[in-house]
1. Give the residue that is nearest to the ligand (Cβ to nearest atom), with candidates limited to residues of the range 1-51 that are open to solvent by 10 Å² or more (accessible area, probe 1.4 Å), assigned to a loop (DSSP other than H, G, I, E, B) and of a type in the set (Val, Ile, Thr).
2. Can you give me the number of residues within the range 145-198 that are out of contact with any helix residue (DSSP H, G or I) (no Cβ under 9 Å at 6 or more places or on another chain) and either within 24 Å of Ala68 (Cα to Cα) or of a type in the set (A, V, I, L, M) (or both)?
3. In the range 79-95, how many are surrounded by 13 or more Cβ atoms within 10 Å (Cβ to Cβ) and within 16 Å of the ligand (Cβ to nearest atom)?
4. Considering the range 58-73 alone, what residues qualify as being assigned to a strand (DSSP E or B) and near the ligand (Cβ under 7 Å from one of its atoms)?
5. Among the residues of the range 123-158, what is the count of those that are β-branched (Val, Ile, Thr) and outside any helix (DSSP H, G or I)?
6. Starting from the range 59-78, take each residue that is open to solvent by less than 40 Å² (accessible area, probe 1.4 Å) and list its partners that are more than 15 Å from the ligand (Cβ to nearest atom) and of a type in the set (A, V, I, L, M, F, W, C), counting only C-beta distances under 6 angstrom and pairs at least six apart or across chains.
7. Being under 20 Å from His105 (Cα atoms), within 8 Å of the ligand (Cβ to nearest atom), touching a residue at least 24 places away in the same chain (Cβ under 8 Å) and surrounded by 12 or more Cβ atoms within 10 Å (Cβ to Cβ): is that true of Leu55 here?
Amino acid sequence: MKLFTFWRSLATFRVRMALALKGLTVETVTVDLMAGHQRDPAFHAINPQMLIPALVDDDGDICTQSLAIMEYLDELHPEPPLMPRAPRERARVRSLCLITVADSHPLVGPRVREHLQHAFGATEEQKLDWGRHWLIVGLDAYETALTRSSATGQYCHGDTLTLADLCLTSHCVGVQLFKGSLASAPRVAGIFERCMSDARIAAAHPLRQPGAPAA
Ligand SMILES: N[C@@H](CCC(=O)N[C@@H](CS)C(=O)NCC(=O)O)C(=O)O
């Protein structure tokens, strides 16, 4: 399998964590988002959305969208499971994942920030502020959703890692990259800390990838 990746990508970070927890290694291909290589024709042929991650199977089949890729990996390699079995529980885990995957993270990606700059003249500071704003909105939603539900345990759903924890971890790293604070979300921060204490998750962190600036 081949993973199209870039050090800073939060969506690819989610997939890297899932691969690590499954004990899988894949070939990686760097798509330099800062240089705009996601818009190269060669990558457009892989993903017409011009977004990473993309996972290419040995037979050439392409899977895009981090949540779809993670669920695919979980179905292909069921141990350790990263989704609960009961439909309602699976729905809860997916809805926690989607807080960031569908509603927060899409607002802060390079193409959105570039458009803010080119169409509206946003400065670096304003773009940072924009990203932080939407990530904090998502952070507050996570905190309330987790605090309200008796299904929350040591992790987002019970006491074992699920895809919701990987999504929450990517969200928290996003808050940090956009110079925000987790202080208003102690429940989230506790789960994030627990996740980051897992060496496999820590090693997948954006700032520990080739090409990343020194922290
Ligand atoms: N919903 C997608 C989001 C993918 C996404 O936004 N990827 C970012 C990097 S984290 C990207 O490739 N952005 C390129 C751009 O904005 O031009 C997923 O979860 O895979």
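The values are calculated or read from the model by the stated rules, or taken from the named source; none is laboratory data. On a predicted model such as this, the values are computed, not experimentally measured, just so you know. Don't worry about glycine lacking a Cβ; one is built from the backbone with ideal geometry, like all the others, and counts go over all protein chains shown. Keep in mind that these areas ignore ligands, DNA and RNA; they rest on the heavy atoms of the full protein, side chains included. Shrake-Rupley method; radii C 1.70, N 1.55, O 1.52, S 1.80 Å.
1. Ranking the qualifying residues of the range 1-51, first place goes to Ile46.
2. 2
3. 3
4. Scanning the range 58-73 gives a single hit, Thr64.
5. Counting residues in the range 123-158 that are β-branched (Val, Ile, Thr) and outside any helix (DSSP H, G or I) gives 2.
6. Asp74/Leu82; Asp74/Met83
7. No, not satisfied.
Quick grid of which residues meet (1) open to solvent by 40 Å² or more (accessible area, probe 1.4 Å); (2) under 30 Å from Ala86 (Cβ atoms); (3) modelled with pLDDT under 95:
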residue: Trp134; (1), (2), (3): yes, no, no
residue: Thr147; (1), (2), (3): yes, yes, no
residue: Gln154; (1), (2), (3): yes, yes, no
residue: Phe178; (1), (2), (3): no, no, no
residue: Ser181; (1), (2), (3): yes, no, no
residue: Ser197; (1), (2), (3): yes, yes, no
